[in-house]
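One structure is given below, encoded as structure tokens.
The values are calculated or read from the model by the stated rules, or taken from the named source; none is laboratory data. Not measured: the values here are computed from a predicted model. For neighbour counting, all protein chains shown are included, and Cβ atoms are generated from backbone atoms with ideal geometry for every residue, glycine included. Quick note on the areas: whole protein, heavy atoms, side chains included, nothing else; ligands and nucleic acids left out. Shrake-Rupley method; radii C 1.70, N 1.55, O 1.52, S 1.80 Å.
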Amino acid sequence: MAEIPTSSIAGSRVLESMFGGAAGKRPKNNTKTPKNQGIAESIYWPVILPALMLVAFGLLVVWSASLTISDASFIRQLIGVAFGVIAAIAVWRFDYRSLSNLTRILLIVDIVLMVLPLIPGLGYESHGMSGWIRIPFIGLTLQPSELAKLVTIYLMAALVAQYNGRIDNIQEYLKLCLTLAVPFVLILIQPDLGTGLIILFTGAMIIIAGGAKRSWVLSTLAIMIGIIALVIISSMTEGLPHILKDYQLKRLIVFVDPSVDPTGDGYNLQQAKIAVGSGGLFGKGIGNASQAGQGFLPEAHTDFVFALLAEEFGFVGSCVLIGLFGWLMVSCIRLSQLCEQPFAKLVVVGVVSMWCFQVLQNVGMCIGLMPITGIPLPFVSFGSSSMLTQLMAVGMIQSVWRYRQSPA
Amino acid sequence: MSITTLLFILGIIAVVATIAIVIVRVLQGRSRFRVDIGSPQPQARSAEDSSNNDIGFKGRINAIGIGVLAILATLLARLWSMQLLSSREYVEQAESNRLRTITTRAPRGRILDRNGTELVTNRPSLTVVAEGTVLDDEFEIQLLANVLGMPRAAVRRKLQDTVEGAQSVRTVCVDATRSVVAFIAEHSDVFPGITVEQRTQRSYPFGSLAAHVLGYTGAVTEEQLDASRNSTDNSSIQYESGDTVGQAGVEFQFESVLQGVRGERNVYVDANGAVTSSVTSLPAVSGSDVMLTIDASIQQAAEDGLQHAIEMAHQYGYVNCRKGACVVLDATNGDILAMASVPSFEPGAFIGGISNDDWDYLNSEENDYPLMNRAISGQYMSASTIKPLTAIAAINNGIATPDTPYYCTGYWTGFGGAYGQYCWEQSGHGDMNLHSGIIHSCDSVFYEIGKDFFYSDNREGMQEVYREFGLGTPTGVDLPGESEGRVPDAAWKWRYFSAYSDEDRQWKGGDCTNLAIGQGDLLVTVIQMACVYMGLGNRGTVWRPHVLKSILARDVGTVADYTPQQILKIDEPASNYDLIIAALKGVIYEESESMTEHFLSLSHEVAGKTGTGERTGEDLTGWFLAFSPVDTPKYVVAAIVEEGGFGATSAMYCVRDVLGQIYGEPDLSEVEVSDATR
């Protein structure tokens, strides 16, 4: 979308500024520091605007879901947004650059977050999903792995940034891969394959952006495909260890052929597709979504929230959502380009990768492009942990902007 | 141009323009835009690139940006296809997801007797039904057996029963108690595939009374389903699997009247199947009631009379006697006042699906096919009851006059000594004529007539008269399964015995003499003979026998009355009728004192005829036919008792009992009939 040119110069400016283009034209020797910036200047509007619009859109969808789904509490979602905004402001004010030398601490924090749900007394199962903790005395439940995604971004960005854009030592490359494997394996233990894949994808994108050799990246990819194939084949064969859980294997089979399991996951997928498809151009309108409203669409406010959105608002609504995400991510890419510090670039790359993967996975599974996994749609899905994390991620981008010029 | 097409074209233009501009910019080298993954070698720094730590970052991040856009574009393309191109298909699926048609069964019409007494009605019934898959779950079967208080084997048998169709649910228990229903509802998790349905069941206040007339109902069969599906007639009933339809008797004959019209409700349901709103609704229209000509009290008398006759037959030593039939007609319009057949059955056994065992029992020869309505389906030799028609034929063909003298020695040798035949009275009747020949049922008289026909110009004169009175043709009674009987002639014999030698296939003199006394190959039904005697009593007028009196719509009243149809107007000289009717009256009052004794207590005169059929290997089968009053007949009563001995000592009791019920004058005579004709 950034590439669509307009004939008018003024229009072009507006368009460029929407994606943060004007920022790049600042003179390099700008001596402004965050302290003498105006509040408006210390906010990167091309990211905050689409993010806020997404939150608003998400609130509308959750509100409509709350009309028929008792689990979807609009108030709780609002509280989640409120906490998220506070947390985002805190992150924004925080000079992330100080983290670049604290990789060891980041790794420890990451591990602690991953291990928390495994501690008896803290661990908590919500809707059959492990990976939650309940904070004693307050009774607040959280998914620490959500926060761990952000910590992992900082961790990997800080590590990779040390190589200054060129990773040409195979040992160093392997070290990075192993570091990334730590949070990934820990989260698989929980087990939460969905979040694990997000972390893996995000970390991998940071390593790639950080200058890993093409042949190594491709080899790693090939090895991983091989491992995945082995895992799947082993899980499908009697006598060999079933590494994937039965439901995970079934989801993969259903993804290939939804008619295999017309009552379970195949049913869910089919109902989601019907919801999306029957939305048509303009959708059925708020509260008229028969698929979601009458219970045919499972988890309509969480995992399958996109199907609900697409049913209520149609192709137009889908376009608005995808467009907002496009705007958000392209603006981030622009920011990444104009930042000079590798750490800053890589933090932004990490956040974009996370969003991109979650959107691809969540929307993709509703329309049969991706297998079913329980990954929330950023800013939209019902759930405080997700909302908190995603708004904090926006705060991370804002922090990068706020501290972009001053020397590290 | 639709908005969809417009959007599509705009989308294509945007994509093409984007690609074109990117290519142009890259080719011209104007762009600092660089796409790369990884860093195979140190990047050459361009002139503009003054940054000292920007080693390849730009290209790689651009690549990521393009990747992001590609992913979003893929999602949009897929959404485009689903939400715009295939939307209609998905909308249909969404509709069919939530749209259900609920059918409500229409209550079946009642069946009433002529006085409005309910012979068949409906009652609500809670029915436990199960899917066929329950059969695979031994634990569930045991549990169900415990709850229903039935043996496990019985539950298993019910589950295996596919009378209602292989795919449809099986009825496990009809008339489940409230507590059973509540238990199953509360523990639905341990009873998968088992549901309780509120159905209406046929109810028979009089038990087996008139079972053969009423027939029975059952689940619609596959053939009936196919027939209704393939029917091009829009007004015909569209059956659904599991529907209850008439399978025999009046239930079958008047199915279209009794069935009613199913109600249909289109509703929206949620994912759990709970109804959220109603779309359209069409109430069920209950079936119309059918009022029959049957009179319950006469019907009861006919059935009791048959039992009485069979008991009497047993007393006379005919211990194999088990079967019989009785028909009572109104001679003025053809109303069937009673129609009984023994052995009978309980129509109630068919409620909720008959068990295989019961079905086998009802269809076995050793149990004498209880489902068979012998009054219309049974074909018998007429025996002596045919003699009045033979006499008419003889007069019409100039073979005899009322005054022609006959002499019976007890052994008739009309075809020569080698072909002698006994009269039933082997001591001989002495001097006879047509009148006394009928009264005493003298075989010699009718052998002579048969012989004369064999040698006459009109060899088939007897058959002509039999057919004139309706034999060999169904009466057209409004019940299923009527037989047509058989009037044998030379052509028939030639055809029928095609496997025999030409000599044996010839029509012989013996065929004529057999035919004249109603033996041999002549076959008639009870209802046919009742019509013959109606024609004799009415002097030629025969009304179509029928059971339908009127059709009553619920809450409306009579919608259609049956109009009596005259099927025969037999044109015979009055003198013939005078002769026959006098002779038939003579049978009752002159022939046998002991039999007359039974009829003296009736205030109305009766005319009638006995008959006794002989068949090798079987006991004698007795007939008795009567009409009353003699001059203006109102009632015709016909009875047959198979293997019950003489007509006068078996079937007569049934006829007398029926007349006693009609006139309110029961048979008080204790006299045993001993000297009556055959």
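Considering only residues that are among the acidic types (Asp, Glu) and open to solvent by 30 Å² or more (accessible area, probe 1.4 Å), which ones fall in the range A:160-214? So that I can check it myself, show each step before the final result.
Step one: filter the range A:160-214 for residues among the acidic types (Asp, Glu), giving A:168, A:172, A:192.
If the condition is that a residue be among the acidic types (Asp, Glu) and open to solvent by 30 Å² or more (accessible area, probe 1.4 Å), then A:Asp168, A:Glu172 are the ones that fit.
Please specify each residue of the range B:245-274 satisfying the condition of being within 14 Å of another protein chain (Cβ to nearest Cβ) and either part of a helix (DSSP H, G or I) or free of Cβ contacts under 8 Å to residues at least 12 places away in the same chain (or both).
Answer for the range B:245-274, where residues must be within 14 Å of another protein chain (Cβ to nearest Cβ) and either part of a helix (DSSP H, G or I) or free of Cβ contacts under 8 Å to residues at least 12 places away in the same chain (or both): B:Ala271, B:Asn272, B:Ala274.
Those residues that are under 30 Å from B:Val128 (Cα atoms) and open to solvent by 20 Å² or more (accessible area, probe 1.4 Å), I need them from the range B:365-398; list them, please. Spell out how you get there, then give the answer.
If we filter the range B:365-398 for residues that are under 30 Å from B:Val128 (Cα atoms), which is where we start, we get B:370-371.
B:Leu371, the sole residue that qualifies.
When the residues of the range A:361-375 are filtered to those that are at the interface with chain B (Cβ under 8 Å from one of its Cβ atoms) and not in a loop (DSSP other than H, G, I, E, B), which remaining residue is surrounded by the most Cβ atoms within 10 Å (Cβ to Cβ)?
Here the answer is A:Val363.
Take B:Leu668 and decide whether it is closer than 24 Å to B:Asn538 by Cα and of a type in the set (A, V, I, L, M).
No, not satisfied.
In the range B:277-293, what count of residues is obtained for those that are open to solvent by less than 70 Å² (accessible area, probe 1.4 Å) and either within 14 Å of chain A (Cβ to nearest Cβ) or under 20 Å from B:Arg656 (Cβ atoms) (or both)?
Counting residues in the range B:277-293 that are open to solvent by less than 70 Å² (accessible area, probe 1.4 Å) and either within 14 Å of chain A (Cβ to nearest Cβ) or under 20 Å from B:Arg656 (Cβ atoms) (or both) gives 1.
Of all the residues that make up the range B:554-600, how many are surrounded by fewer than 17 Cβ atoms within 10 Å (Cβ to Cβ) and in contact with a Leu (Cβ under 6 Å, 6 or more places away or on another chain)?
Residues flagged as surrounded by fewer than 17 Cβ atoms within 10 Å (Cβ to Cβ) and in contact with a Leu (Cβ under 6 Å, 6 or more places away or on another chain) within the range B:554-600 amount to 1.
Looking at the range A:231-254, is at least one residue within 14 Å of chain B (Cβ to nearest Cβ) and open to solvent by 30 Å² or more (accessible area, probe 1.4 Å)? Quick ask: steps written out before the conclusion?
Within the range A:231-254, the subset within 14 Å of chain B (Cβ to nearest Cβ) is none.
No - not one qualifying residue is present in the range A:231-254.
The rows are residues; the columns are (1) at the interface with another protein chain (Cβ under 7 Å from one of its Cβ atoms); (2) buried (at least 23 other Cβ atoms within 10 Å of the Cβ).
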site: A:Ser278; (1), (2): yes, yes
site: A:Gln291; (1), (2): yes, yes
site: A:Gly295; (1), (2): yes, no
site: A:Glu311; (1), (2): no, yes
site: A:Val316; (1), (2): no, no
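I'd like to know if the range B:228-244 contains one or more residues that are under 30 Å from B:Val327 (Cβ atoms), touching a residue at least 60 places away in the same chain (Cβ under 8 Å) and in a loop (DSSP other than H, G, I, E, B).
no
Which numbered condition trips up A:Lys345, out of (1) at the interface with another protein chain (Cβ under 7 Å from one of its Cβ atoms); (2) open to solvent by 10 Å² or more (accessible area, probe 1.4 Å); (3) among the charged types (D, E, K, R); (4) in a helix (DSSP H, G or I)?
The number of the failed condition is (2).
For the range B:65-120, which positions are touching a residue at least 40 places away in the same chain (Cβ under 8 Å), farther than 17 Å from A:Cys366 by Cα and facing another protein chain (nearest Cβ under 7 Å)?
Listed by number, the list holds a single entry, B:Arg98.
Counting just the residues of the range A:318-337 that are under 17 Å from A:Gln361 (Cα atoms) and of a type in the set (Gly, Ala, Ser), which one comes out most open to solvent (accessible area, probe 1.4 Å)?
Filtering first and then ranking leaves A:Gly323.
Which one of these is within 30 Å of B:Ser256 (Cβ to Cβ) and among the aliphatic types (A, V, I, L, M): B:Ile517, B:Ile527?
B:Ile527
Which of the residues spanning the range A:132-186 are under 20 Å from A:Leu388 (Cβ atoms), aliphatic (A, V, I, L, M) and either modelled with pLDDT under 85 or not in a helix (DSSP H, G or I) (or both)?
Those that are under 20 Å from A:Leu388 (Cβ atoms), aliphatic (A, V, I, L, M) and either modelled with pLDDT under 85 or not in a helix (DSSP H, G or I) (or both): A:Ile133, A:Ile135, A:Ile138, A:Leu140, A:Leu142.
Out of the range B:481-508, which residues are open to solvent by 60 Å² or more (accessible area, probe 1.4 Å), under 23 Å from B:Ala383 (Cα atoms) and assigned to a loop (DSSP other than H, G, I, E, B)?
B:Glu484, B:Gln506, B:Lys508
Output the residues belonging to the range A:218-235 that are free of Cβ contacts under 8 Å to residues at least 12 places away in the same chain and under 22 Å from A:Gln171 (Cα atoms).
Listed by number, the residues that qualify are A:Leu218, A:Ser219, A:Leu221, A:Ala222, A:Ile223, A:Met224, A:Ile225, A:Gly226, A:Ile227.
Being more than 8 Å from chain B (Cβ to nearest Cβ) and without any contact (Cβ under 8 Å) to a residue 60 or more places away in the chain is the filter here, so list the residues in the range A:348-360 that pass it.
Residues satisfying the conditions are A:Val348, A:Trp355.
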